[in-house]
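Q: Below are the structure tokens for one structure; questions will follow.
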Amino acid sequence: MTRKSNSSTIIYLVHNSKIVRNIYRMFRPLKAKRLDLYDNFLEDYIYNYYAASSLSEKKFYNVGAGNQRSNFNFWTYIDLDTNHYNKSGIDINYDLESLKPLPLEDNSAEIVFNSFVIEHISVEATKNLCKEAYRVLKKGSVFHSKVHCYDYSYKLLKKGLITPKVPFECRESNDLITDILKKYKGKVKAYFDESNNYVVSSIKNPEDRIVFTPGSAFLYHNADAAVDNICNIPEGADAVLNSIEADTPEKFYKVIRDQYIDQSKKQSYQHNADYFSKEDLFSFIKELGFTEVYFTQPYQSVSPALWEESLNNIHKGFIFSIEAVK
């Protein structure tokens, strides 16, 4: 697994770092040239495909952009004014939960794009985003959403499985790992115990440890705004979640949201358990008047501007993508 991870890092650096790419040219000139040709092809394709005015006026909108940036300079980045990303790269400050119109003209946009945004906002805010996308898009243009899949996580929980990517790529759980690594200067061990919980502990002081149960892992991925409230209950996260009487994901997430999340303290980056099934989202977008609505995958879009690697991070099973053409 480490070898695969290191290989992925090298590939990323070769693709995205000019310094590393130049070094790569010294040892693998033909491969480096092939990468240059690919980059030039995509750029040339995009600049030939779209109207020059749309490119120069940056009519390509990444809503809820956070730190995500394209290698091309035709995007406009829209997000909430917060300290959790580099605000210097945000062009328009906009709060999705305000339910206000996007500050964009009707029938003007080439793309309205969002990546892992919907799981952080309310259903009403999601509906407003979809309606606003339809309003601002030109005829034939594209609305594209990459969405964390609450249904998949719910199925994992019901099977008692530790959620993939926990604890390493959730903000709060990753911080816990970082803290214990710093505290013991990397002298820690990790293992699955007899209950299939993932344990990270100090080698010198084994009682100083972090335990990720299926329940706590689920919370970090799907309702991290409820982590403290639930994990601090003496019975533990798994017992609390197992006690919820609900026969559908929608009812289950509603209990978590209503009983264990203090909305006044919730941060904009946290998963809020505000469940909107992909079927309901599909139907809602279709009813807005889009001519086509379909589920898709990373790198699959009828808009070439969305073929770029930096916009297609793989989420290892937690994603569904939906695209609509006006």
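Q: Work out the FRET efficiency for Q297 and N48 from their Cβ-Cβ distance, taking R0 = 22 Å, and round it to the nearest 0.05. Working shown, then result.
A: On the way: r = 25 Å, r/R0 = 1.13.
With a Förster radius of 22 Å, E is 0.30.
Q: Taking R0 as 51 Å, what FRET efficiency do you get between K265 and L30 from their Cβ-Cβ distance, rounded to the nearest 0.05? Write down the numbers at each step before the final one.
A: Working: r = 55 Å, r/R0 = 1.09.
About 0.40, to the nearest 0.05.
Q: With a 10 Å Cβ neighbour count serving as the proxy for reagent exposure, in which order, fewest first, do C231, C170 appear? Don't skip to the end; give the middle numbers.
A: Numbers: C231 16, C170 22.
Least crowded to most crowded, the residues run C231, C170.
Q: Counting Lys and Arg as +1 and Asp and Glu as -1, what is the net charge of the other residues whose Cβ lies under 10 Å from the Cβ of A125?
A: Every neighbour counted, the sum reads -3.
Q: Enumerate the amide H contacts of T296 below 5 Å, restricted to partners 5 or more residues apart or on another chain; note that Pro and chain-start residues carry no placed amide H.
A: S321, I322, E323
Q: Right, here's the next one. Which shape class, rounded, prolate or oblate, goes with the stretch 52-189 when its Cα gyration tensor gives a ≥ b ≥ c as root eigenvalues, a/c under 1.5 marks rounded, and past that a/b bigger than b/c marks prolate?
A: Values: a/c = 2.59, a/b = 1.76, b/c = 1.48.
Prolate.
Q: Given the -39500 (n - 2.57) contribution per DSSP H run of 4+ residues, what per-residue ellipticity at 222 nm results for the chain, rounded to the nearest 500 deg cm²/dmol? Provide the component values of the computation, followed by the final result.
A: Numbers: 12 runs with 129 residues, N = 326.
Per the formula, -12000 deg cm²/dmol.
Q: Give me the tail of P(r) for the chain as a percent: Cα-Cα pairs with distance above 26 Å. Spell out each step's value before the answer.
A: Details: 29014 of 52975 pairs.
Considering the chain, 55 percent of its Cα-Cα pairs are separated by more than 26 Å.
Q: Apply the Karplus curve 6.51 cos²θ - 1.76 cosθ + 1.60, θ = phi - 60°, to the phi angles in the stretch 162-167 and return the couplings in whole Hz, x for Gly and Pro.
A: For the stretch 162-167, the Karplus-derived couplings read 5, 6, x, 6, 8, x Hz, x marking Gly and Pro.
Q: Note down the relative contact order for the chain as a percent, whole number, built from C-alpha pairs under 8 angstrom at least six residues apart. Walk me through the numbers on the way to the answer.
A: Numbers: 489 pairs, mean separation 55.9, N = 326.
About 17 percent, as a whole number.
Q: Working from Cα positions, state the angle (0 to 90°, nearest 10) between the long axis of helix 171-183 and the longest principal axis of the chain.
A: Between the helix axis and the principal axis of the chain, the angle is about 60 degrees.
Q: Next question, about the same structure. Under 18 Å from the 7 Å Cα→Cβ point of K204, by amide nitrogen: which residues of the stretch 170-194?
A: Counting only backbone N, you get 178-190.
Q: Could you work out how far helix 18-27 tilts from the main Cα principal axis of the chain, as a 0 to 90 degree angle to the nearest 10?
A: 90
Q: What span do the alpha-carbon atoms of the stretch 135-182 cover on each of the three principal axes, reported in whole Å from largest to smallest?
A: So the extents along the principal axes, rounded to whole Å, are 52, 31, 13.
Q: For the stretch 249-265, just list the computed ³J(HN,Hα) in residue order, Karplus coefficients 6.51, -1.76 and 1.60, θ = phi - 60°, integers in Hz, with x standing in for Gly and Pro.
A: x, 4, 5, 4, 5, 5, 4, 4, 5, 6, 9, 10, 10, 8, 4, 6, 10
Q: For the stretch 116-197, which chymotrypsin sites (Phe, Trp or Tyr not before Pro) pass both filters: DSSP loop (anything but H, G, I, E, B) and at most 10 other C-beta atoms within 10 Å?
A: Counting only loop positions with at most 10 other Cβ atoms within 10 Å, the chymotrypsin sites (Phe, Trp or Tyr not before Pro) in the stretch 116-197 are F168.
Q: Taking loop as defined by DSSP and a crowding limit of 15 other beta carbons within 10 Å, which GluC sites (Glu not before Pro) in the stretch 20-117 fit?
A: Values: sites: E43, E57, E97, E105, E110; in loops: E57, E105.
The qualifying sites are E57, E105.
Q: Next up: Starting with the fewest neighbours, write out K59, K204 ranked by other beta-carbon atoms found within 10 Å of each beta-carbon.
A: Values: K59 24, K204 9.
With the fewest neighbours first, K59, K204 line up as K204, K59.
Q: Can you list which of the trypsin sites (Lys or Arg not before Pro) found in the stretch 140-176 are DSSP loop residues with at most 15 other C-beta atoms within 10 Å?
A: Numbers: sites: K146, K155, K158, K159, K165, R171; in loops: K159, K165.
Taking the stretch 140-176 and a limit of 15 other Cβ atoms within 10 Å, the loop trypsin sites (Lys or Arg not before Pro) found are K159.
Q: Arranged by the count of other C-beta atoms within 10 angstrom, fewest first, what order do V112, V200, V117 take? Numbers along the way, then the final one.
A: Values: V112 28, V200 18, V117 23.
Neighbour counts put them in this order, fewest first: V200, V117, V112.
Each value in this text was obtained by applying a stated rule to the coordinates, not by laboratory testing. Every value quoted in this text rests on a predicted model; they were computed, and no experiment measured them. Reconstructed Cβ throughout: ideal geometry from the backbone, glycine too, with neighbour counts over all protein chains shown.
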